[in-house]
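So the structure is just underneath, and the comments pick up after that.
Please treat every number below as a calculation from the coordinates, not as lab data. None of these values were measured; they are calculated from a predicted model. Cβ atoms come from the backbone with ideal geometry, glycine included; neighbour counts cover every protein chain shown.
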Amino acid sequence: MNRKQLVLSAALIVLLAMDAYSVYLYGYVGFFRMMFANFASFNALVDLLVALILIVIWIGEDARERNVSALPYIVLTIAGGSVGPLLYLIRRFADRTDSAAVVAPQAVRG
């Protein structure tokens with residue numbers, strides 16, 4: 001596991017802990033009620049949705065180029081927000097280190 005994967009994994013653990021605590025305090029439905037409690041929280045929700053839609057589009061295109069299924073990560077993004085993109089990046093950086101070791105010797109020869 002490389003440094004990028006470790007940092008992303010730490011961010012994922014912190015995010016999951018925060019999500020679990022929020023659900024513990026407010027419940028799953030209560031969490032969304034809080035997002036509609038005032039205009040500021042609703043504005044944050046809309047901003048998050050726009051960012052996640054852009055990320056889902058990127059995940060779809062990147063996964064297609066790399067011949068990887070994007071569906072699990074898109075479902076996780078819809079259900080859990082940033083969990084899907086973080087897991088996708090962790091996997092993507094794992095693939096990059098494996099393929100870089102194979103491609104680098106060929107690039108040197110050419």
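What's the exposure ranking of D62, D47, going from fewest to most Cβ atoms within 10 Å?
Placing the least packed residue first, the sequence is D47, D62.
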| field | Label-point separation, A94 to F32 (7 Å along Cα→Cβ), nm | value | 3.1 nm
| note | GNM on the chain, Cα springs under 10 Å; top mean-square fluctuation among A37, A70, A20 goes to A37
| Distance (nanometres) between label positions extended 7 Å along Cα→Cβ at V83 and A44 | 1.9 nm
| Order of R92, R66 - criterion: other Cβ atoms within 10 Å of each residue's Cβ, fewest first | R66, R92
| task | Would you be so kind as to identify all helices of the chain, as entire DSSP H runs, whose Cα atoms reach 18 Å or more along the helix's own axis and whose mean Kyte-Doolittle hydropathy is at least 0.5? | result | 3-35, 39-65
| task | List I90, I13 from most exposed to least, where exposure is judged by having the fewest other Cβ atoms within 10 Å. | result | I13, I90
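On average, how much area does the Cα convex hull of the chain cover when viewed from any direction, in nm²?
Averaging across all directions leaves 8.4 nm² for the Cα convex hull.
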